[in-house]
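**Q** One structure coming up, written as structure tokens, with questions to follow.
The values are calculated or read from the model by the stated rules, or taken from the named source; none is laboratory data. From a predicted model like this one, the values you see are computed outputs, not experimental measurements. A quick note on method: Cβ atoms are made from the backbone with ideal geometry, for glycine too, and the neighbour counts reach across all protein chains shown.
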Amino acid sequence: MRLALLSDIHANQEAFEAVLADLSQRGIDRIAVLGDIVGYGPDPQWCIETVEDLVAGGAWCLRGNHDRAVGVPDGAFNTNARRVIDWTVNRLSKRHKLFLSDLPLVIEDGDLMLVHASANDPADWIYVTSEARALGSFSVTKARLIFCGHVHRPQLYSADLGGRVAGHPVIFGQPLPLIRSRRWLGVIGSVGQPRDGVAQAGYAILDRDRNELTFRRVGYDVTTTAKKMRAAGLPEALAARLMKGE
Amino acid sequence: MALIRPEPGLEIDGFTLGGQLHKGGFATIWEVTHPLYRTPMVMKVPTILDGYDGPTIVGFEVEQMIMPRLTGPHVPRVMGEGDFSRMPYIVTEKIPGGSLHRLFRAAPLPLSELIETAARMAAAIHDIHRQHVIHLDLKPDNFLQRPGGEMVLIDFGLSRHDHLPDLLAEEFTIPMGTFPYIAPEQFLRQRGDPRSDLYALGAMLYQLVTGKLPFGEPETLAQVRQRLWRDPLPPRALRPDLPEWFQEIILRAMEVDPARRYQSAAQIAFDLTHPLQVRLTERAHRMAPQGALARFRKWRAMRKVKSFAAPASVAAQMERAPILLVAVDLAPEMEPLAQALFLAVKRMLVIQPDARVACVNVIKTARIGIDQTTDDEGNHLHVSRLVGLKAWAEGIELTDDRLTYTVLEGSDPAAVILDHAEVVRAGHILMGARGHSTTRRYLGSVSAKVVAEAHCSVTVIRLPDQHREAEGESA
């Protein structure tokens, strides 16, 4: 069973399309969207409808903090993010909003746990950015494999038999054996707003039979996305940031 | 964690344990059978002490990550594995015949007996480097030999795979490896340099020819550290009949600074099989032990060294130091093409300064029967081609022994070039294409066949087509 893990699409149609095209050639059995379909980007309707279609076809989808923020005041958002959410709300139909509000925060399947942010308090939107933060996720679940998004920077952690957590460098395009003597936590990066300095869509493939994880990057037409953002009057800083992948 | 302990008759995941073949400090080895596999197999089970046994567990994890990713004749094939939920193990095919340990016990060995073994050891190391793995614990016990002669490397518990997390770097703060063989940079806790394996190979060759370890059997880290400034006693001081070229290979492989060593295992294999082409340096002539003053100077230079420059990755090192096979056509009418090929080689050396250039020329022999030329004429042709090759290469300035010349013979020049590329493990072939002619259209061109069948990259140099240019002008 090959599972494609996508997160933080952020209303970026070009990046989402590029990822879907890439994974269509890689024998994927199921897609999991780990939240934040909307926010930041210029194409929320298209992205929600596409995810809806995927879910109808058997995909899993979680709720992220931007999905929740549609129509809910949230003090944790910075000005630019809030501006885009307000812009987004006006463009979404009732059905779109219902779809977002019905999404679960966590999906568990066998030894696998999927969550948008940190597993130890999924609704608190904690950023998993260090070994100490990863430990929080490991300590609340027995799941052997935990995958999340939210951070927009791919990361990989493992907890050994003694419970000690270690961070590992992420290598793209190489299948990584998730050896069973450890538990693993993958932060899978962002489809639509990468922030590791590479302006390419990020996602990951989990091969559950071979027990391997592959982080992938896919080039997409970022110029078009940035152009759409400017045309829509979204904050210039967000368009500029997208071009640099920062 | 209640683990099952291995014992004869135990059945796990379809494998049945037979007798115990070996008991080491960190693992036991068992003969196993499986109803679905007819291949003789062995199971390695790490010996986990009661409670938490970090180092053994991590070593086993590293092996479990790396071994299934390696393929080819130089590694044992993995048949099954188990995790810590019941009993950790790795099952591999059984390589009959035992390790090189026995051969090393018989050292010093006659040169004629060990050159082939040494070249095969280098070939095995080259093969795992090609697969992005540095072994980092090479020693006689970790070389097995197939009935066909290929060396098989085992025990990847300290190894490093460029594409996988280095669990060991995160685990340990002391140098890891087997003290008599570990490279100076390993002592400095660098785990990213494939040339560390070449140092270990050098130390093993030293042992094979002298019967002694280059630095004895150090027991403390302080003793291991001495190899940063202490030169081993020259092998020829222990064995005066050892040819200089062999000492040159050993001492070059064991240079303290990785940059001064051989740059790939293929280069060592090449020298071992082309002794006449090993260019001798001061290393080859050493007979006396390192003097006190020299040692003091080296100590002063090295005592504060914290690390050596390491390559970005195994692949980067392999690409930096390939063997470039250059097939030169010396026919008089091909002079402009040979000149263009020469310039191409010079350009290639700018971007690959550690490359080694193997120049070859092929004497085409008759397809059927033995050539009519007499021995004398044959020899004469051989020598004149060699002279021609050297003249062609005049101006390719390479240090040491990195430029070699070989004249080959055969009825099918492309096949001869391809065979030689395999033998020397060429990373890249450069050759000229003779251009277009009717004959070539029907008989096929040498370069086209080499391009089609080579196992490495091939660059074909072609002169601008005069005929087509003329056509273009008239149009």
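**Q** Give the residues of segment B:327-354 that are hydrophobic (A, V, I, L, M, F, W, C), out of contact with any strand residue (DSSP E or B) (no Cβ under 8 Å at 6 or more places or on another chain) and surrounded by fewer than 17 Cβ atoms within 10 Å (Cβ to Cβ), sorted by residue number.
**A** Listed by number, the residues that qualify are B:A331, B:L343, B:V350, B:I351.
**Q** Another question about this same structure. Across segment B:37-54, which residue is nearest to the other protein chains (Cβ to nearest Cβ) among those that are in contact with a Phe, Trp or Tyr (Cβ under 7 Å, 6 or more places away or on another chain) and closer than 15 Å to B:F26 by Cβ?
**A** Going through the qualifying residues, I end up with B:P46.
**Q** Sort out which residues of segment B:76-102 are at pLDDT 95 or above and of a type in the set (S, T, Y), and write them in order of number.
**A** B:Y89, B:T92
**Q** Given (1) within 14 Å of chain A (Cβ to nearest Cβ); (2) over 25 Å from A:D111 (Cα atoms), identify the lone condition not met by B:E7.
**A** Result: B:E7 passes all but (1).
**Q** Suppose the filter is modelled with pLDDT of 95 or more, closer than 29 Å to B:G427 by Cβ and out of contact with any Pro (no Cβ under 8 Å at 6 or more places or on another chain); does B:L251 pass it?
**A** no
**Q** What are the pairs with Cβ atoms under 7 angstrom where one residue, in segment B:57-68, is farther than 14 Å from B:D137 by Cα and at the interface with another protein chain (Cβ under 8 Å from one of its Cβ atoms) and the other, located anywhere, is in a helix (DSSP H, G or I) and not aliphatic (A, V, I, L, M)? Sequence gap at least six, or different chains.
**A** Listed pairs, sorted by first residue: B:V58/B:E171.
**Q** Only one of these conditions is not met by A:V106: (1) of a type in the set (V, I, T); (2) closer than 24 Å to A:A239 by Cα; (3) out of contact with any Ser or Thr (no Cβ under 8 Å at 6 or more places or on another chain). Which number is it?
**A** That leaves (2) as the condition not met.
**Q** Counting just the residues of segment B:71-99 that are of a type in the set (A, V, I, L, M, F, W, C) and in a loop (DSSP other than H, G, I, E, B), which one comes out nearest to the other protein chains (Cβ to nearest Cβ)?
**A** B:F84
**Q** How many residues does segment A:5-42 contain that are surrounded by fewer than 24 Cβ atoms within 10 Å (Cβ to Cβ) and touching a helix residue (DSSP H, G or I) at 6+ places or on another chain (Cβ under 6 Å)?
**A** 3
**Q** Which one is nearest to B:L49 (Cα to Cα), of the residues in segment B:1-23 that are loosely packed, with under 12 Cβ neighbours inside 10 Å and of a type in the set (G, A, S)?
**A** Checked segment B:1-23; the qualifying residue nearest to B:L49 (Cα to Cα) is B:A2.
**Q** If you go through segment B:30-49, how many residues are in contact with a Leu (Cβ under 8 Å, 6 or more places away or on another chain) and at pLDDT 95 or above?
**A** 5
**Q** For segment A:181-213, name all the residues that are buried (at least 20 other Cβ atoms within 10 Å of the Cβ) and within 14 Å of chain B (Cβ to nearest Cβ).
**A** Matches in segment A:181-213: A:R182, A:R183, A:W184, A:L185, A:G186, A:L213.
**Q** Buried (at least 18 other Cβ atoms within 10 Å of the Cβ) and in contact with a strand residue (DSSP E or B) (Cβ under 9 Å, 6 or more places away or on another chain): does that describe B:G97?
**A** The answer is no for B:G97.
**Q** Turning to a different aspect of this structure: Give just the number: which of (1) under 19 Å from B:F187 (Cβ atoms); (2) free of Cβ contacts under 8 Å to residues at least 60 places away in the same chain; (3) not acidic (D, E) does B:A301 not satisfy?
**A** The number of the failed condition is (2).
**Q** Note down all Cβ pairs under 7 Å where the first residue falls in segment B:210-239 and is touching a residue at least 40 places away in the same chain (Cβ under 8 Å), the second is among the small types (G, A, S) and surrounded by 16 or more Cβ atoms within 10 Å (Cβ to Cβ), and they're at least six residues apart or on different chains.
**A** That search, which allows pairs on different chains as well, returns B:G211/B:A107; B:P214/B:A203.
**Q** If you scan segment B:251-300, which residues turn out to be surrounded by fewer than 22 Cβ atoms within 10 Å (Cβ to Cβ), of a type in the set (D, E) and not in a loop (DSSP other than H, G, I, E, B)?
**A** Scanning segment B:251-300 gives a single hit, B:E282.
**Q** Could you tell me how many of the residues in segment A:142-160 are charged (D, E, K, R) and within 14 Å of the chain's Cα centre (by Cα)?
**A** Matching residues across segment A:142-160 total 1.
**Q** Taking segment A:124-150 as the search range and keeping residues that are touching a helix residue (DSSP H, G or I) at 6+ places or on another chain (Cβ under 8 Å) and assigned to a loop (DSSP other than H, G, I, E, B), which one is farthest from the other protein chains (Cβ to nearest Cβ)?
**A** Looking at the filtered set, the residue picked out is A:W125.
**Q** So, one more: Is it the case that segment B:164-181 has a residue that's within 20 Å of B:R77 (Cα to Cα) and either within 14 Å of chain A (Cβ to nearest Cβ) or surrounded by fewer than 24 Cβ atoms within 10 Å (Cβ to Cβ) (or both)?
**A** yes
**Q** How about segment A:151-180: which of its residues are of a type in the set (S, T, N, Q), buried (at least 19 other Cβ atoms within 10 Å of the Cβ) and either within 10 Å of chain B (Cβ to nearest Cβ) or in contact with a Ser or Thr (Cβ under 7 Å, 6 or more places away or on another chain) (or both)?
**A** Within segment A:151-180, just A:S158 meets the criteria.
**Q** Filter segment B:390-415 for residues that are touching a residue at least 12 places away in the same chain (Cβ under 8 Å), among the hydrophobic types (A, V, I, L, M, F, W, C), outside any strand (DSSP E or B) and within 22 Å of B:E335 (Cβ to Cβ) and give the result.
**A** B:W392, B:A393, B:I396, B:A414 - these are the residues of segment B:390-415 that are touching a residue at least 12 places away in the same chain (Cβ under 8 Å), among the hydrophobic types (A, V, I, L, M, F, W, C), outside any strand (DSSP E or B) and within 22 Å of B:E335 (Cβ to Cβ).
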